[in-house]
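The values are calculated or read from the model by the stated rules, or taken from the named source; none is laboratory data. What you are looking at is a predicted structure, and each value in this text was computed from that prediction instead of being measured. Cβ: placed from backbone, ideal geometry, glycine included. Neighbour counts: every protein chain shown.
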Amino acid sequence: MHADIVVLPGDGIGPEVTAAAVEALQFTAQRYGHTFRLREHLIGGAAIDATGEPLPAATLEACRQADAVLLGAVGGPKWSDPNAKVRPEQGLLALRKGLGLYANLRPVRPHPATLGAAPIKPHLLAGVDLLVVRELTGGIYFGQKRREADRASDLCEYSTAEIERVVRRACALARERRRHVTSVDKANVLETSRLWRDVASRVAREEFPDVTLEHQLVDSMAMHLLSRPRAYDVVVTENMFGDILTDEASMLAGSMGLLPSASLGEGRVGLYEPIHGSAPDIAGRGIANPVGAILSAALLLRHSLGLEREAACIEQAVAATLDAGILSADLAVAGQAATTAEVTTAVRDRMETGCQVAELRD
Ligand code: NAD
């Protein structure tokens, strides 16, 4: 197949980890006979420095035309003045909005080799395999904001259509997994949550009778996510609750550097990025963990290009690399850490073996 992929390296460790993901994509193309046209564009602080804008029009246009977008991370101390008119994060928000991306997917599947690095007891983590689907374009982050001398308010709004589409997406994803969806809200207090619960129940009942839907209040969910994470399959929730719960869920994996994400809309084009930021404290040293970015490339193959076999090849190669104890500094015990390049090469080597096995099965 032919695919146009826009690569947005961004700031800090962004260029280092996207280079690793690009290597995995290029190897996939070569191995399976695809043509991926990978084009780099500017975003974030790097774009501000070059053009004055965090999301130049040329970048947005290229992303709109592409089949998929791979992003590193944006931001850093150089652009962090809170009073600055333009900030790197604005580029990311504008890109999500510009592409109509309303569902943010974060799969969390702790690997046996990294269980010890998580702050949770390993016996609670074994077998955890959950997918958080966060609504990305509505809720309190986008409602009207008011500030007076001695008070302030942020309006939280959701429409039926906004809830329907993200719940529908979560239920469809659950069909490819264990057919269980947990919808998280605060329906005992918030009117938006009562609407959320009504709509989620209707969508699941009418359109996904084969999927089990349960409702959970966000406060107890925050607790259960740590005390019994194995109980969950797909978790769907609104924007702010999802923002908080996805960061909490990332702790189950052992390191921020391990986790990928996908942001999807109605169309085919999706935005794929590791969940971590630009990590300015380790940028430029060649020690960043590239696994979250490489697994984001696997999500890109699966969700935007429909290449499930190729996505699985990357995921198996990453698992085999971790199994072999090839761990970057965020995971390894002192003195035994692999560099970004060493982890990337190890994944590539294992893709070669794994992909050959996949081809033989065809
Ligand atoms: P961060 O995720 O960049 O870093 C948090 C900690 O995790 C740091 O100690 C860092 O070294 C470590 N870390 C992160 N990714 C790692 C990796 N791949 N390998 C090894 N260690 C890794 O979060 P932060 O420090 O709060 O933010 C730094 C900058 O990134 C800020 O400007 C913030 O606004 C931005 N940010 C961007 C995004 C994004 O682009 N989507 C997301 C979060 C934060």
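Here are the numbers for this structure:
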quantity	calculated
Among the candidates Ala297, Ala332, residue that is assigned to a loop (DSSP other than H, G, I, E, B), out of contact with any Asp or Glu (no Cβ under 7 Å at 6 or more places or on another chain) and within 15 Å of the ligand (Cβ to nearest atom)	Ala332
Filter result for Gly306 (within 10 Å of the ligand (Cβ to nearest atom), closer than 30 Å to Gly138 by Cα, assigned by TED's automatic domain parsing to the domain that holds Gly12 and not in a strand (DSSP E or B))	no
Listing of strands (runs of 3 or more DSSP E) fully contained in the stretch 137-223 that carry 1 or more residues being in contact with a Ser or Thr (Cβ under 6 Å, 6 or more places away or on another chain) and either in the same structural domain as Arg96 (by TED's automatic domain parsing) or at pLDDT 95 or above (or both)	145-147, 180-185, 212-217
All positions within the stretch 280-292 that are crowded, with 24+ Cβ neighbours inside 10 Å and either assigned to a loop (DSSP other than H, G, I, E, B) or at pLDDT below 95 (or both)	Ala288, Asn289, Pro290
Qualifying position, being under 19 Å from Tyr32 (Cα atoms), within 22 Å of the chain's Cα centre (by Cα) and touching a residue at least 40 places away in the same chain (Cβ under 8 Å), among Ala329, Ala253, Ala312, Ala283	Ala312
Members of the stretch 74-100 that are in contact (Cβ under 8 Å) with a residue 12 or more places away in the chain, more than 11 Å from the ligand (Cβ to nearest atom) and not in a helix (DSSP H, G or I)	Val86, Leu99, Gly100
Filter result for the condition that a residue is crowded, with 20+ Cβ neighbours inside 10 Å, in contact with a strand residue (DSSP E or B) (Cβ under 6 Å, 6 or more places away or on another chain) and under 27 Å from Asp349 (Cβ atoms), over Gly10, Gly14, Gly44	Gly14
